[in-house]
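The values are calculated or read from the model by the stated rules, or taken from the named source; none is laboratory data. Remember, it's a predicted structure, so these values are computed and weren't measured experimentally. In this analysis, Cβ positions are derived from the backbone assuming ideal geometry, glycine residues included, and neighbour counts consider all displayed protein chains. Only protein heavy atoms, including side chains, enter the accessible area calculation; ligands, DNA and RNA are left aside. Shrake-Rupley method; radii C 1.70, N 1.55, O 1.52, S 1.80 Å.
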Amino acid sequence: MRMWKLVSLIPVLALGGCLSPSSIQCPDGLVCPVGTHCAAKESVCIKDSCGDGVVEAGEVCDDGNTVSGDGCSADC
């Protein structure tokens, strides 16, 4: 194999170990592992629906982040 072909494969091989089929890449580039997903307005991975920007059953509010004191608590 020519050296330039080997060098061009290095980024692909390195990235392949970081992303699994069930990882989620957020719009800002953050990669959330299995069992988590992207917060709507913050660069963090969340485990439940609090922070996804959608008010769901059991939530009083959901402003899309995990910050308290901004109108909605971190636990929704």
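What to note about this one:
- Residue satisfying all of: in region 57-71; open to solvent by 50 Å² or more (accessible area, probe 1.4 Å) and within 23 Å of Q25 (Cβ to Cβ); farthest from the chain's Cα centre (by Cα) among these: V67
- Pair list, Cβ under 8 Å, 6 or more apart: region 33-56 residue on the phi > 0 side of the Ramachandran plot and modelled with pLDDT under 95, other residue assigned to a loop (DSSP other than H, G, I, E, B) and open to solvent by 40 Å² or more (accessible area, probe 1.4 Å): G35/K47
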